[in-house]
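Engineer: Take this structure first; my questions come after.
The values are calculated or read from the model by the stated rules, or taken from the named source; none is laboratory data. Quantities reported herein were computed from a predicted structural model and do not represent experimental measurements. All Cβ positions, even for glycine, are placed from backbone atoms using ideal geometry, and neighbour counts span all protein chains on display. These accessible areas exclude ligands, DNA and RNA; they are computed on the full protein's heavy atoms, side chains included. Shrake-Rupley method; radii C 1.70, N 1.55, O 1.52, S 1.80 Å.
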Amino acid sequence: MSDQPRRPRKPGKPYRRPQKDPVRILAFEALRAVDERDAYANLVLPPLLRKARENSDFDARDAALATELVYGTLRRQGTYDAIIAECVDRPLREVDPPVLDVLSLGVHQLLGTRIPTHAAVSASVELARVVLGDGRAKFVNAVLRKVARDDLEGWIGKVAPPYDDDPEDHLAVVHSHPRWVVSALWDSLGGSRAGIEELLAADNERPAVTLVARPGRATTEELLGEEAAVPGRWSPYAVRLTEGGEPGAVEAVREGRAGVQDEGSQLVALAVAGAPLDGPDRRWLDGCAGPGGKAALLAALAAERGAFLLASEKQPHRAGLVAKALAGNPGPYQVIAADGTRPGWRPGTFDRVLVDVPCTGLGALRRRPEARWRRRPEDLDGFAPLQRGLLRNALDAVRVGGVVGYATCSPHLAETRAVVADVLKQVPGAELIDARPLLPGVPELGEGPDVQLWPHLHGTDAMYLALIRRTA
């Protein structure tokens, strides 16, 4: 599978506002925003759904279908591109992006849902007629009728190279990941075919919505009283919403006493808060606090101990999101806009420091499926100096006897162990401590001392955590 973009991004031609089938039109609009503006579906889709509900009889079932069409199409984009390429008479890059979006939506309905074949084809052709015109609708009809001749398994047998000939390319097509991502994840897992296939499959599953009950402000018992709520697996503050659960319908979420937060993210914050210290435990720092999920949990935990949290975020608009997340926290805290690579605080100021560094985000592909198609191997080179600089300054900020947590939502070895190893070589008087006991009950945490969580093993994003104690 090629790791190059499926087609150059360019604005689509204006399309007529539809008079019917608002579900598929909404899905098409979301895909165009993702393609044209480099938007993220999880940011684009909610306002589109809200607007649809306000302006029509668009109901919960319509919203669920639109969500499935958008996320399913994005997750399986690589596989669907390979199939479409077999059914068109030109290179895929020569198919106009809006046409390809309509085709991809149609292929997902044919191969990835239970929508009957005739309904999937006819609805897609009508969508093309409304948004693209009659001529292109005929093209869409011809292509989708070719696709409809086989099911997903049959098509994969045709378009995926044999595993024995090229394992990485085979897995890239079958599981719809760029080849370089398959290779990187396989290296991080350590090698078995079963493990990599389970991980890639998990990346293509819809993640559960997980809530966090912020200590001192909400309880899991309160959240479990909500419809479609079940306990989390590992975090004592986690509650998962089953199919159909809406975070916005939960009173504690609306009031900021609870929030939406992946359980892996919660475990990272809990481990940093629970790491053993030598000496006082009064001043905490979240050095990369945006958008505020971990900071809000840390602030609540700090308040229970009478500790102060400084939440620092470089981007002012993200610092505003942090301030919103922490609003109402009972304990002392402060939110500032500051660059963690050029901090304004004195060395040795803090007892605990968390740096959840910017990264490629390869650990959150379940939630942001389009990220897999945007990232390139060269992005690692751009993040590397920043990640090392943030960790070095975090170690400078912590006092002797204090602890730094280095976290990232990527399992790529170049963003995890390589960063920690390089910085520890440069910073005397710092040592890794075993993070595994700080995640009680969580299985398969590896040999340590650092921790890598996985979607297929733990049901979380692929969060990485290393805990480092300052010894001199």
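Engineer: Expressed as an acute angle from 0 to 90° and rounded to the nearest 10, what is the orientation of the C-alpha long axis of helix 293-305 relative to the principal long axis of the chain?
Structural biologist: Around 30 degrees separate the two axes.
Engineer: With an 8 Å Cα cut-off and a minimum separation of 6 or more residues, compute the relative contact order for region 67-215 in percent.
Structural biologist: Working: 138 pairs, mean separation 33.9, N = 149.
Once divided by the residue count of region 67-215, the mean separation gives 23 percent.
Engineer: Any chance you could look up the accessible area of L277 with a 1.4 Å probe, heavy atoms only, rounded to 10 Å²?
Structural biologist: Per-residue accessible area (L277): approximately 40 Å².
Engineer: According to a simple spin-label model (label point 7 Å from Cα along Cα-to-Cβ), what is the distance in nm between R50 and L224?
Structural biologist: 3.2
Engineer: Another question about this same structure. Under 5 Å between amide H atoms, partner at least 5 residues away or on a different chain: which partners does V335 have, H built in plane at 1.01 Å?
Structural biologist: The answer is A311.
Engineer: Follow-up. Once phi is turned into θ = phi - 60°, what whole-Hz ³J(HN,Hα) does the Karplus curve with 6.51, -1.76 and 1.60 give for every residue of region 439-455, x standing for Gly and Pro?
Structural biologist: Per residue, the Karplus-derived 3J(HN,Hα) values read 10, x, x, 7, x, 6, 9, x, 7, x, x, 7, 10, 10, 8, 9, x Hz.
Engineer: Students often check this: by mean Cβ neighbours within 10 Å, which of 303-309, 282-288 ranks highest, and how do the rest follow? Walk me through the intermediate numbers first.
Structural biologist: On the way: 303-309: 16.9, 282-288: 24.3.
The densest-packed peptide leads the list: 282-288, 303-309.
Engineer: Any idea how far the Cα center of region 49-74 sits from the one of region 421-457, in Å?
Structural biologist: Between the Cα centre of region 49-74 and that of region 421-457, the gap is 40 Å.
Engineer: Within 10 Å, count the other beta carbons around each residue, average over each peptide in 108-116, 334-342, and list them highest first.
Structural biologist: Numbers: 108-116: 18.7, 334-342: 16.8.
Ranked from most to least packed, the peptides come out as 108-116, 334-342.
Engineer: Quick check for me: using +1 on Lys/Arg Cβ and -1 on Asp/Glu Cβ, what's the dipole size of region 74-211 about its Cα centre, in debye to the nearest 20? Before the final figure, lay out the partial values.
Structural biologist: Working: 15 positive and 21 negative charges, 136 e Å.
With only Lys, Arg, Asp and Glu charged at Cβ, the dipole is about 660 debye.
Engineer: How much net charge surrounds T220 when only other residues with a Cβ under 14 Å from its Cβ are counted (Lys, Arg +1; Asp, Glu -1)?
Structural biologist: On the way: positive: R214, R217, R233, R240, R257; negative: E221, E222, E226, E263.
Every neighbour counted, the sum reads +1.
Engineer: Now a separate question. Taking amide H positions as placed in the peptide plane 1.01 Å from N, state which residues far from E370 in sequence (5 or more) or on other chains have amide H under 5 Å from it.
Structural biologist: Long-range HN contacts for E370: A41.
Engineer: Along region 85-97, what does the Karplus equation 6.51 cos²θ - 1.76 cosθ + 1.60 (θ = phi - 60°) give for ³J(HN,Hα), rounded to whole Hz, x for Gly and Pro?
Structural biologist: Those phi angles translate into 4, 6, 10, 10, 9, 8, x, 4, 5, 8, 7, 4, x Hz.
Engineer: Per residue, how much accessible surface does the chain expose to a 1.4 Å probe? Answer in Å², no decimals.
Structural biologist: It amounts to 43 Å² per residue over the chain.
Engineer: Relative to the Cα centre, what is the charge dipole magnitude of region 363-472, using +1 at the beta carbon of each Lys and Arg, -1 at the beta carbon of each Asp and Glu, and rounding to the nearest 20 debye?
Structural biologist: Values: 15 positive and 13 negative charges, 53 e Å.
About 260 debye.
Engineer: Could you state the angle between the C-alpha long axis of helix 117-131 and the longest principal axis of the C-alpha atoms of the chain, as a value from 0 to 90 degrees rounded to the nearest 10?
Structural biologist: 90
Engineer: Hey, another quick one. Between D461 and residues 5 or more places away or on another chain, which pairs have amide H atoms under 5 Å apart, with H built 1.01 Å from N, and which residues are they?
Structural biologist: Hits under the 5 Å cutoff: E263, G264, S265.
Engineer: Taking R0 as 45 Å, what's the FRET efficiency between L413 and H118 from their Cβ-Cβ distance, rounded to 0.05?
Structural biologist: Working: r = 48 Å, r/R0 = 1.07.
Step by step, r from the Cβ atoms, then E = 0.40.
Engineer: Taking region 50-121 on its own, what percent of its Cα-Cα pair distances exceed 18 Å?
Structural biologist: Numbers: 1168 of 2556 pairs.
For region 50-121, the fraction of Cα-Cα distances above 18 Å is 46 percent.
Engineer: Something else now. By how many degrees, between 0 and 90 and to the nearest 10, does the Cα long axis of helix 379-397 differ from the longest principal axis of the chain?
Structural biologist: Helix 379-397 sits at roughly 20 degrees to that axis.
Engineer: Now for a separate question. If the label point is 7 Å along Cα→Cβ of E153, which residues in region 83-108 have backbone nitrogen under 19 Å from it?
Structural biologist: 83, 108
Engineer: If you put +1 on each Lys and Arg Cβ and -1 on each Asp and Glu Cβ, how big is the dipole of the chain around its Cα centre, in Debye rounded to 20?
Structural biologist: Details: 61 positive and 63 negative charges, 297 e Å.
Computed charge dipole of the chain: roughly 1420 debye.
Engineer: So, one more: So which of K51/K158; K51/K314; K20/K324; K294/K425; K20/K158 end up more than 30 Å apart, counting from Cα to Cα?
Structural biologist: Working: K51/K158 41 Å; K51/K314 32 Å; K20/K324 39 Å; K294/K425 28 Å; K20/K158 36 Å.
K51/K158; K51/K314; K20/K324; K20/K158, as the Cα separations exceed 30 Å there.
Engineer: Okay, next question. Using a 1.4 Å probe on the protein chains only, how many percent of the accessible area of the chain belongs to carbon and sulfur?
Structural biologist: Details: 10100 of 20120 Å².
Reported share for carbon and sulfur atoms: 50 percent.
Engineer: For the charge dipole of the chain, defined by +1 on Lys and Arg C-beta atoms and -1 on Asp and Glu C-beta atoms about the Cα centroid, which residue among P97, A229, G245 has the Cα displaced farthest towards the positive pole?
Structural biologist: The one lying farthest along the dipole's positive direction is P97.
Engineer: Just to verify a number: FRET efficiency for E444 and K138, C-beta to C-beta distance, R0 = 56 Å, to 0.05?
Structural biologist: Working: r = 52 Å, r/R0 = 0.94.
Plugging the Cβ-Cβ distance into 1/(1 + (r/R0)^6) gives 0.60.
Engineer: With the contact rule set at Cα under 8 Å and sequence spacing of 6 or more, what percent relative contact order holds for the chain?
Structural biologist: Relative contact order comes out at 12 percent.
Engineer: Counting helices only, and only those DSSP H runs with n ≥ 4, report the 222 nm mean residue ellipticity of the chain as the sum of -39,500 (n - 2.57) divided by its residues, in deg cm²/dmol to the nearest 500. Numbers along the way, then the final one.
Structural biologist: Details: 20 runs with 223 residues, N = 472.
Taking each H run of at least 4 residues, the total per residue is -14500 deg cm²/dmol.
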